[in-house]
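Visitor: Can you read through this structure? Questions will come right after.
The values are calculated or read from the model by the stated rules, or taken from the named source; none is laboratory data. Please read these numbers as outputs of a predicted model, since none were measured by experiment. Ideal geometry is used to build each Cβ from the backbone, glycine not excepted, and the neighbour counts take in all protein chains shown.
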């Protein structure tokens, strides 16, 4: 097949027109490597090979454009390209090239991700590690960074903020119930169990007596409109027990 002409379609892409009324878009890398601008014709088998190689570059540029918008891990980028219907060989080509060019680096991603989570969330180190694992980042890329950036002092700082907020929103709970809720919340958030226990054991919670008296009076006013005598007493005991008070004060 004779090559009739070349037209630069857009930066980095040329359209080749053949004498059989067909045309093909090729990336500049293929044009230069194969010296197509100097050729007068191209065989059918050669065209098929070049189109296959061109698809690798299409996959590469698709990935590069995606990375320009937001930093991604190797796993995330691979999943994105798979959804775009690229095959394994095309994806491997794109990923290798991006890694060689330092556009794709899970260790750099891990450092950025960890710093962002520390600055903008109340998540503990174990929760951050779980998120990185889900994104396909190897522990060898993030453990040292996480241990360095998220030390015990930083954990205590974050725990203090969480505890302060939770105490305000759970002001009617007994110290026992409140402590249990805080411990559960902090574990879910990924903080070190030993640091959690150490902190909560040293924390001065509001006295149960003052809270219990206030809650008892509040529920007495509410329940006495509907119940009386032993039934009222039972309902009050039930409410106080649910709040964590085994003793309550009605004087």
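Visitor: What is the residue count in segment 146-184 for residues that are within 23 Å of residue 243 (Cβ to Cβ), at pLDDT 90 or above and either surrounded by fewer than 16 Cβ atoms within 10 Å (Cβ to Cβ) or touching a strand residue (DSSP E or B) at 6+ places or on another chain (Cβ under 7 Å) (or both)?
Guide: Keep residues of segment 146-184 that are within 23 Å of residue 243 (Cβ to Cβ), which gives 162-184.
Those left that are additionally at pLDDT 90 or above: 162-163, 182-184.
The next check asks that each one be either surrounded by fewer than 16 Cβ atoms within 10 Å (Cβ to Cβ) or touching a strand residue (DSSP E or B) at 6+ places or on another chain (Cβ under 7 Å) (or both); those that pass are 184.
Looking only at that region, the number is 1.
Visitor: Further, regarding this structure: Which members of segment 110-126 meet the condition of being assigned to a helix (DSSP H, G or I) and in contact with a helix residue (DSSP H, G or I) (Cβ under 8 Å, 6 or more places away or on another chain)? Please lay out each step first, then the result.
Guide: The first filter runs over segment 110-126 and keeps only residues assigned to a helix (DSSP H, G or I), leaving 110-120, 125-126.
Scanning segment 110-126 gives 110, 111, 113, 114, 115, 117, 118, 125.
Visitor: Would you mention how many residues in segment 23-37 are touching a helix residue (DSSP H, G or I) at 6+ places or on another chain (Cβ under 9 Å) and more than 13 Å from residue 54 (Cβ to Cβ)?
Guide: Final tally of qualifying residues: 1.
Visitor: Only residues that are surrounded by fewer than 14 Cβ atoms within 10 Å (Cβ to Cβ), part of a loop (DSSP other than H, G, I, E, B) and in contact with a strand residue (DSSP E or B) (Cβ under 9 Å, 6 or more places away or on another chain): list them for segment 40-77, please.
Guide: 40
Visitor: Hey, can you tell me all the residues within segment 163-206 that are part of a loop (DSSP other than H, G, I, E, B), at negative phi and under 24 Å from the mean Cα position of the chain (by Cα)?
Guide: First, pick out the residues of segment 163-206 that are part of a loop (DSSP other than H, G, I, E, B): 170-174, 189-192, 203-206.
Now narrow it down to the ones that are at negative phi: 170-174, 189, 191-192, 203-206.
Answer for segment 163-206, where residues must be part of a loop (DSSP other than H, G, I, E, B), at negative phi and under 24 Å from the mean Cα position of the chain (by Cα): 189, 191, 192.
Visitor: Residue by residue through segment 79-109, note down the ones that are within 26 Å of residue 145 (Cα to Cα) and either outside any helix (DSSP H, G or I) or in contact (Cβ under 8 Å) with a residue 40 or more places away in the chain (or both). It would help to see each step written out before you state the result.
Guide: Just the residues of segment 79-109 that are within 26 Å of residue 145 (Cα to Cα), to begin with: 79, 95-109.
Residues satisfying the conditions are 101, 102, 103, 104, 105.
Visitor: Next question, about the same structure. Name the residue that is modelled with the highest pLDDT, counting only residues in segment 214-229 that are in a helix (DSSP H, G or I), over 46 Å from the mean Cα position of the chain (by Cα) and exposed (fewer than 14 other Cβ atoms within 10 Å of the Cβ). Even if it seems obvious, please write down each step before you answer.
Guide: Restricting attention to segment 214-229, the residues satisfying the condition of being in a helix (DSSP H, G or I) are 214-223, 229.
When the remaining residues are screened for being over 46 Å from the mean Cα position of the chain (by Cα), the result is 220-221, 223, 229.
Narrowing the set further to residues that are exposed (fewer than 14 other Cβ atoms within 10 Å of the Cβ) leaves 221, 229.
Values: 221: 76, 229: 79.
So the residue we want is 229.
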